[in-house]
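Structure, as structure tokens:
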Amino acid sequence: MSIKGVPTDAACPLADLIVAGEHTVASRGLARQQVADLTLFAFAAGESVSEERYPADTVYVCLEGTLAVACAEGQRMVPAGSCLKVCAGMGHAVSGADGCAVKFLQANA
């Protein structure tokens, strides 16, 4: 798998690689192949993605803010520096907790 868009000359905070404008959701693919996808997301305050299902397991790694992951079992909070796995095929929606802005890495494998 080839990873793109990550600096090689000096380390930087992962959250600095993506910015959401007001009232937007931004995404930046870092790697996309049959075996795995890595995508950075930035949600402006109040933005969300409605329920989705993925054929593979999904891991969310929160970089800034607190990510809210809503599924049939209830809502899970993922604070900055933490991660959460959603099993393959489980419907779930994501947003910033309490409508706040959030940045996170999504890995599907």
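Take the chain, connect every pair of alpha-carbon atoms lying under 10 Å apart with a spring to form a Gaussian network, then pick out the residue of PRO13, PRO79, PRO55 with the largest mean-square fluctuation.
Taking springs between Cα atoms under 10 Å, the residue moving most is PRO13.
Report in % the part of the accessible area of the range 37-103 that belongs to carbon and sulfur, leaving out ligands and nucleic acids; probe 1.4 Å.
Exposed carbon and sulfur together represent 54 percent of the surface.
Just flag the GluC sites (Glu not before Pro) in the range 1-80 sitting in loop per DSSP whose Cβ has no more than 16 other Cβ atoms within 10 Å.
Sites meeting the loop and neighbour criteria: GLU22, GLU73.
Quick check: Cα centre of the range 15-80 to Cα centre of the range 84-100, how many Å?
Computed from Cα coordinates, the inter-centre distance equals 8 Å.
What shape does the chain take by its C-alpha gyration tensor, where a ≥ b ≥ c are the square roots of the eigenvalues and a/c under 1.5 counts as rounded, a/b above b/c as prolate, and the rest as oblate?
oblate
Report the paramagnetic label zone for CYS100: residues of the range 27-62 whose backbone N is under 15 Å from a point 7 Å from Cα along the Cα-to-Cβ axis.
From the range 27-62, the list is 43-47, 62.
Using only the Cα atoms of the range 8-55, build the gyration tensor, take square roots of its eigenvalues as a ≥ b ≥ c, and label the shape rounded, prolate or oblate: rounded if a/c is under 1.5, else prolate if a/b is larger than b/c, else oblate.
oblate
With the chain treated as a Gaussian network of Cα nodes joined by springs under 10 Å, which of VAL69, VAL49, VAL86 yields the largest mean-square fluctuation?
The residue that fluctuates most here is VAL49.
Can you give the accessible area per residue of the chain, in Å², using a 1.4 Å probe?
Accessible area per residue, the chain: 56 Å².
Relative contact order for the chain: what percent, with Cα pairs under 8 Å and sequence separation of 6 or more?
That works out to 31 percent.
Considering the dipole of the chain built from charges on the beta carbon (Lys and Arg +1, Asp and Glu -1) around the Cα centre, which of ALA15, VAL25, SER2 is farthest to its positive end?
It is SER2.
The values are calculated or read from the model by the stated rules, or taken from the named source; none is laboratory data. All values reported here derive from a predicted model rather than from experimental measurement. Note that each Cβ is placed from the backbone with ideal geometry, even for glycine, and that neighbours are counted across all protein chains shown. When the accessible area is computed, the model is the full protein with side chains, heavy atoms only, and any ligands, DNA or RNA have been set aside. Shrake-Rupley method; radii C 1.70, N 1.55, O 1.52, S 1.80 Å.
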